[in-house]
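One structure below.
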Amino acid sequence: MADTTTRPPLYIRIHAADNVAIVANDGGLKTGATFADGLVLVDNVPQGHKVALTELAEGDAIVRYNVVIGYAQKALPRGSWVHERVMRMPTAPELEGLPIATVRPPAMPPLEGYTFEGYRNADGSVGSRNILAITQTVQCVAGVTEFAVQRIKAELLPKYPKVDDVVALEHSYGCGVAIDAPDAIIPIRTLRNISLNPNFGGEVMVVSLGCEKLQPERLLPPGTIPIADQRGGGVAGEALDVVFLQDDAHVGFMSMIDSVMRQAEVHLARLNARRRETVPASELVVGVQCGGSDAFSGVTANPAVGFATDLLVRAGATVMFSETTEVRDGIDQLTSRASSPEVAEAMIREMAWYDAYLQKGRVDRSANTTPGNKKGGLSNIVEKAMGSIVKSGSGPISGVLSPGEKVSQKGLIYAATPASDFICGTLQLAAGINLHIFTTGRGTPYGLAEVPVIKVATRSDLARRWHDLMDVNAGRIADGDATIEDVGWELFRLMLDVASGKKKTWAEHWKLHNALVLFNPAPVT
């Protein structure tokens, strides 16, 4: 392993046309540090931050990833620190006149022979875990449901050892909202499709207060829950299993808890009868996401995820990337990779919808970047977007999902979501993922209770400090100890082991998970 404490000054340049590069050394470098090519720092430059490789006059373009990420607001000598306070951000690219399905990536050979041990469902999907999920129609019942879940875990779950967990699908929606507003379809279908996630085995159980706007039959209309047709072949709709807390039969709090536990045991018994079976890697449905990003995200972790994405697509699997504001500045890269004009136009529609959504709040995409992003060297959303897009790999984009929709095809999918970690993860759950990949440079204990989350560190320093939170150290790429391909293959093989239940992620080990956060652009009353 490379000794990062004594290594000489190093910078990482992405493209030959770039006029800035990022400092690779742990702890950054001081004024006077001299690189092998003779470049001398005229400022202290933190790790991951940019250094000017050439003299930059006021107004000159600042180029990274062979993309203009900003313009110098003053003259910047060669060797100076280039950060957000000395840059002006470019305007967002127009959504007209874009290249439409113009790039035809070379056909990648199929990747055959890879399998995992998963749970087959009646609707044809495959789960990586065997979980009882309890859906809630409204926030009002959250306390009751959580109380019941804790008792179910303590008293019932030990009797059903083949069931991995019991989770409450808690959220803040359901009442006090404009339920008939056009955009209300987004949170409603999100919760509906999360309830049908492959990791729940088709066992849908609902807890309702009774008087809420989001009535159970509106959330899950008849016929939406597929179960095995007893006659063989196909599926049939199951009657909705609902516990109404306002039901007259409930006298006192504990009678509510007893009702929830009684119904839960019915579902636990059915889930406990399920067994893993060998399925092809094509049954993986993987969501890729980044959070707490830094300048190394686009250098190490995200390119490695992009390589793994290509491997998954070659294996016939489904991969979805998201985070609208974090790909918006690369829309030309995406539309050109679309598999058809229809796919390109769908991406443009999603970008335009989100532009309008932000405008209603009197903000634009620049509101995305966080103090942590900037401390990690990302000066603005343009630079952040260039590093985010590479998670999508190099293949054609074969489909587009609007927020809350469920995936129904294989290949590389753009699932439109906000960039918020929690909302993006919630919407990818609704889209049907059975595995989640999350890259981070600054560090975050993010997790999901509903699917395994594999965490990938962008820097070795983070991987060392958070050794029992990070599953993969992509920082080895910057250290010179591994290639993008090495880490990509490592990640691919780890996905198969995690999906098979052979390995647990650190987030699973510690039972770390974030709350579901439904995206609701409709009014609250």
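The values are calculated or read from the model by the stated rules, or taken from the named source; none is laboratory data. From a predicted model like this one, the values you see are computed outputs, not experimental measurements. Please note: Cβ atoms are built from the backbone with ideal geometry, for glycine as well, and neighbour counts cover all protein chains shown. Quick note on the areas: whole protein, heavy atoms, side chains included, nothing else; ligands and nucleic acids left out. Shrake-Rupley method; radii C 1.70, N 1.55, O 1.52, S 1.80 Å.
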Which FRET efficiency, nearest 0.05, do ASP37 and SER340 yield, Cβ-Cβ r, R0 56 Å? 0.80
Estimated FRET transfer efficiency (ALA61, ALA239; beta-carbon r; R0 60 Å; 0.05): 0.45
For LEU435, distant residues with modelled amide H under 5 Å away: VAL285, GLY287
Between the Cα axis of helix 185-195 and the main Cα principal axis of the chain, the angle (0 to 90°, nearest 10) is 70
Using a 1.4 Å probe on the protein heavy atoms only, what accessible surface does TRP466 show? Give it in Å² to the nearest 10. 60
Partners for LYS153 among lysines (Cα-Cα distance below 18 Å; same-chain residues under 8 apart left out): LYS162, LYS511
Quantify, in whole percent, the carbon and sulfur part of the accessible surface of the stretch 72-176 (1.4 Å probe; protein heavy atoms only). 53
What full-extension length gain, to one decimal in nm, is calculated for LYS375 and LYS162 as 0.36 nm per residue of separation minus the Cα-Cα distance? 72.2 nm
With an 8 Å Cα cut-off and a minimum separation of 6 or more residues, compute the relative contact order for the chain in percent. 18
Would you work out the charge dipole size for the chain about its Cα centre, treating the Cβ of every Lys and Arg as +1 and the Cβ of every Asp and Glu as -1, and quote it to the nearest 20 debye? 620
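What percent do you get for the relative contact order of the stretch 230-331 when only Cα pairs under 8 Å and 6+ apart count?
Once normalised by length, the contact order is 28 percent.
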Compute the FRET efficiency between ALA107 and ALA352 as 1/(1 + (r/R0)^6), taking r as their Cβ-Cβ distance and R0 = 30 Å, and round to the nearest 0.05. 0.45
Among the listed pairs LYS384/LYS504; LYS455/LYS503; LYS384/LYS455; LYS50/LYS375, those beyond 21 Å (Cα-Cα): LYS384/LYS504
If you stretched the chain out fully between HIS467 and PHE147, how much longer would it get, using 0.36 nm times the residue separation minus the C-alpha to C-alpha distance? 111.9 nm
Does the stretch 95-195 come out rounded, prolate or oblate, given a ≥ b ≥ c as the square roots of the eigenvalues of its C-alpha gyration tensor, rounded meaning a/c under 1.5 and, failing that, prolate meaning a/b above b/c? oblate
Semi-axes of the equivalent ellipsoid for the stretch 341-438, Cα gyration tensor, largest first, Å: 23, 17, 14
With the cut-off at 1.5 for a/c, could you classify the stretch 130-187 from its C-alpha gyration tensor as rounded, prolate or oblate? oblate
What whole-number value in Å² describes the accessible area per residue of the stretch 351-508 for a 1.4 Å probe? 33
Between helix 421-431 and the chain: long-axis angle, C-alpha atoms, 0 to 90°, nearest 10: 50
Set of aspartates and glutamates near LYS74 by C-alpha distance (under 16 Å), chain-local residues within fewer than 8 positions excluded: ASP43, GLU55, GLU58, ASP60, GLU84
Under 8 Å for C-alpha pairs, at least 6 residues apart: give me the relative contact order for the stretch 304-457, rounded to a whole percent. 31
Low-density loop positions, trypsin sites (Lys or Arg not before Pro), the stretch 424-525 - DSSP coil, at most 12 other Cβ in 10 Å: LYS502, LYS511
For the stretch 1-147, rounded, prolate or oblate, judged on the Cα gyration tensor with a ≥ b ≥ c (square roots of eigenvalues), a/c < 1.5 rounded, else prolate if a/b > b/c? prolate
